[in-house]
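One structure below.
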Amino acid sequence: MKPILLQGHERSITQIKYNREGDLLFSVAKDTVANVWYSVNGERLGTYNGHTGAVWCVDCDWDTKNVLTGSADNSCRLWDCETGKQLALLNTNSAVRTCGFDFSGNIIMFSTDKQMGYQCFLNFFDLRDPQQIEDNQPYLTVPCSDHKITSAVWGPLGEFVIAGHENGEINQFSAKSGEILKKAKEHTKQINDIQTSVDLTMFISASKDNTAKLFDSTSLDHIKTFKTERPVNSAAISPIMDHVVMGGGQEAMEVTTTSTRIGKFEARFFHAAYEEEFGRVKGHFGPINCVAFHPDGKSYSSGGEDGYVRIHYFDPQYFDFELEA
């Protein structure tokens with residue numbers, strides 16, 4: 001399993017995301033650049049230039065027409081995927097932490113940070129209405145006064161957004177009314193990442209409390225727990241196997257106080273049904289900030305605090321692997 005190393009960022013990677021077909025991989029980092037790569041060979045296709053602060057999040061719509069990025073420069077930007085042209089600029093009062101297209105690609109949501117006296121908001125825009133974009137007036141704004149949203153994804157059918165908060169809560173916010181439909185509090189600390197399964201029926205949450213948990217998207221029922229010894233920064237569900245991959249490490253500020261052994265920063269593979277760890281992949285020189293499975297399940301990528309994105313293609317024996325229960 002020889003990785004492809006993508007060197008396109010000068011600072012740590014904040015998020016990576018495949019498009020639906022999986023031929024493109026988007027990466028954003030704290031260095032203001034959003035890159036797009038060919039996932040098959042790691043060649044860089046281009047960049048989306050315009051942000052002036054760290055870019056926290058990226059998303060791509062269903063037919064890979066538009067790309068959405070959210071940044072610490074207090075803006076959320078919409079780009080033409082093919083040309084790299086900026087289509088819309090949505091200014092906010094604080095940093096944009098999470099963003100996403102719904103299934104139709106018509107509605108976008110993004111959340112802003114609680115900072116500089118402003119509280120956390122979850123905003124919804126309808127891209128079919130140019131007036132909303134022009135006036136920077138979302139059709140729905142949901143205030144989250146208690147605990148800010150640290151990660152959010154669209155639920156099935158675009159009816160609600162599943163949001164993870166800094167106190168470990170997970171909420172479903174209706175995209176029509178903005179009310180909280182369901183709540184779950186299984187984690188004890190901040191949720192770092194939420195990713196859905198390929199059919200959107202389940203999602204996995206990665207938390208600072210050293211666990212990742214699998215939930216049902218609609219009912220928010222807690223299904224499985226995957227335990228590690230370190231904070232989990234990101235977790236992803238395989239589209240073809242009963243596997244989850246998790247990436248973590250320590251907080252960036254604590255890295256210097258630990259041993260220089262590279263092996264600390266491994267991607268860890270767990271069996272989704274048995275909650276059992278069965279493999280690790282070394283490689284990053286710092287904590288892994290985000291992981292993502294290719295939509296065909298034959299490879300996965302990880303982005304690290306070291307500024308590298310690594311694409312790993314699985315060996316044939318991975319697909320024959322059976323965990324002995």
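Scanning the range 49-100 for residues that are open to solvent by 20 Å² or more (accessible area, probe 1.4 Å) and among the β-branched types (Val, Ile, Thr) gives Thr52, Thr64, Thr83, Thr92.
List the pairs whose first member sits in the range 29-47 and is of a type in the set (Phe, Trp, Tyr), whose second member is buried (at least 19 other Cβ atoms within 10 Å of the Cβ), and whose Cβ atoms are under 6 Å apart, counting only residues at least 6 apart or on separate chains? Listed by first residue and then by second, the contacts come to Trp37/Leu6; Trp37/Leu25. When the range 201-226 is filtered for residues that are over 19 Å from the mean Cα position of the chain (by Cα), part of a strand (DSSP E or B) and without any contact (Cβ under 8 Å) to a residue 40 or more places away in the chain, the ones remaining, listed by number, are His222, Ile223.
Determine, yes or no, whether Leu6 is under 22 Å from Met109 (Cβ atoms) and in contact (Cβ under 8 Å) with a residue 24 or more places away in the chain. When the stated conditions are applied, Leu6 does not pass them.
Can you tell me which residues in the range 48-81 are on the phi > 0 side of the Ramachandran plot and free of Cβ contacts under 8 Å to residues at least 40 places away in the same chain? Please lay out each step first, then the result.
Step one: filter the range 48-81 for residues on the phi > 0 side of the Ramachandran plot, giving 50, 64, 74.
Selection gives Gly50, Asn74.
Lys185 passes every criterion in (1) surrounded by fewer than 20 Cβ atoms within 10 Å (Cβ to Cβ); (2) out of contact with any Ser or Thr (no Cβ under 8 Å at 6 or more places or on another chain); (3) over 21 Å from Lys114 (Cβ atoms) apart from (3). Within the range 126-145, is even one residue in contact with a Phe, Trp or Tyr (Cβ under 8 Å, 6 or more places away or on another chain), over 20 Å from Gly53 (Cβ atoms), in contact (Cβ under 8 Å) with a residue 60 or more places away in the chain and not β-branched (Val, Ile, Thr)? Scanning the range 126-145 turns up no residue that is in contact with a Phe, Trp or Tyr (Cβ under 8 Å, 6 or more places away or on another chain), over 20 Å from Gly53 (Cβ atoms), in contact (Cβ under 8 Å) with a residue 60 or more places away in the chain and not β-branched (Val, Ile, Thr).
Out of the residues in the range 104-158 meeting the condition of being among the β-branched types (Val, Ile, Thr) and closer than 28 Å to Ser207 by Cβ, tell me which one is most open to solvent (accessible area, probe 1.4 Å).
Our first condition is that a residue be among the β-branched types (Val, Ile, Thr); within the range 104-158, this holds for 107-108, 112, 133, 141-142, 149-150, 153.
Applying the additional criterion that residues be closer than 28 Å to Ser207 by Cβ yields 107-108, 112, 141-142, 149-150, 153.
Details: Ile107: 21, Ile108: 2, Thr112: 7, Thr141: 63, Val142: 10, Ile149: 0, Thr150: 17, Val153: 24 Å².
The residue in question is Thr141.
Taken together, the residues in the range 307-322 that are in contact (Cβ under 8 Å) with a residue 60 or more places away in the chain and either buried (at least 21 other Cβ atoms within 10 Å of the Cβ) or under 19 Å from Ser39 (Cα atoms) (or both) amount to 9. Every test in (1) under 23 Å from Trp62 (Cα atoms); (2) in contact with a helix residue (DSSP H, G or I) (Cβ under 9 Å, 6 or more places away or on another chain) is passed by Asp129 save one, and that test is (2). Remark: Asp193 matches the filter, which requires a residue to be under 20 Å from Gly248 (Cα atoms) and assigned to a strand (DSSP E or B). Set side by side, the residues Gly168, Gly178, Gly247, Gly164 differ, and just one is modelled with pLDDT under 95, in contact with a His (Cβ under 9 Å, 6 or more places away or on another chain), of a type in the set (Gly, Ala, Ser) and part of a loop (DSSP other than H, G, I, E, B), which is Gly168. With respect to Leu45, determine if the residue is surrounded by fewer than 19 Cβ atoms within 10 Å (Cβ to Cβ) and of a type outside the set (Lys, Arg). Yes, satisfied.
Listed here are the residues, each with its yes/no results for (1) closer than 18 Å to Val291 by Cα; (2) under 14 Å from the mean Cα position of the chain (by Cα); (3) among the hydrophobic types (A, V, I, L, M, F, W, C).
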residue	(1), (2), (3)
Ser151	yes, yes, no
Glu159	no, no, no
Gly164	yes, yes, no
Ile170	no, no, yes
Ser174	no, no, no
Ser177	no, no, no
His187	no, no, no
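The values are calculated or read from the model by the stated rules, or taken from the named source; none is laboratory data. Just so it is clear, the model here is predicted, and its values are computed rather than measured. Every residue, glycine among them, receives a Cβ derived from its backbone with ideal geometry; neighbour counts consider all protein chains shown. Remember, those area values only see protein heavy atoms, side chains included, never the ligands or the DNA or RNA. Shrake-Rupley method; radii C 1.70, N 1.55, O 1.52, S 1.80 Å.
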